[in-house]
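Note sheet for the following structure.
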Amino acid sequence: MGRDSVTNVRLVVLCQAAHFLTFAGIPLLLPMIREDFAISFTEAGILSAAAAVSYAFAQIPAGYLSDRYGPRLLFLIGLLAWPTLCVALAL
């Protein structure tokens, strides 16, 4: 593998790890979310499931856009958009 390939693999692994940590944070924060919004366990479960389902449904247009514009551009957009979304949600 060349130097660029190693860099690409490292970048993908880093981004996937960051994505997993933000996605895995939802269940960890559910007790605080339940307390702040005074919602039941069922509503908290629906909230957690809604995050997973919306992510799954986003894979369909992401695949189409990747085929149309190429995976590099889509990866760059995701690399910029995901941290922005995480910071916005944190605020």
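Listed values, structure above:
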quantity	calculated
Pairs, first within 16 Å of residue 74 (Cβ to Cβ) and surrounded by 10 or more Cβ atoms within 10 Å (Cβ to Cβ) in segment 45-62, second modelled with pLDDT under 85 and among the aromatic types (Phe, Trp, Tyr), C-beta under 9 Å, six or more apart	55/23
Pick from segment 1-38, criterion of a type in the set (Gly, Ala, Ser) and outside any helix (DSSP H, G or I), ranking: modelled with the highest pLDDT	38
Criterion (part of a helix (DSSP H, G or I) and either of a type in the set (Gly, Ala, Ser) or loosely packed, with under 13 Cβ neighbours inside 10 Å (or both)) met by exactly one of 65, 76	76
Residues (open to solvent by 90 Å² or more (accessible area, probe 1.4 Å) and over 17 Å from residue 78 (Cβ atoms)) located in segment 1-37	1, 3, 4, 28, 32, 35, 36, 37
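The values are calculated or read from the model by the stated rules, or taken from the named source; none is laboratory data. What you see is a predicted model, and the numbers here were worked out from it, not measured in a lab. FYI the Cβ positions are ideal-geometry reconstructions off the backbone, even for glycines, and counts take in every protein chain you see. What goes into the accessible areas is simple: the full protein's heavy atoms, side chains included, and nothing from ligands, DNA or RNA. Shrake-Rupley method; radii C 1.70, N 1.55, O 1.52, S 1.80 Å.
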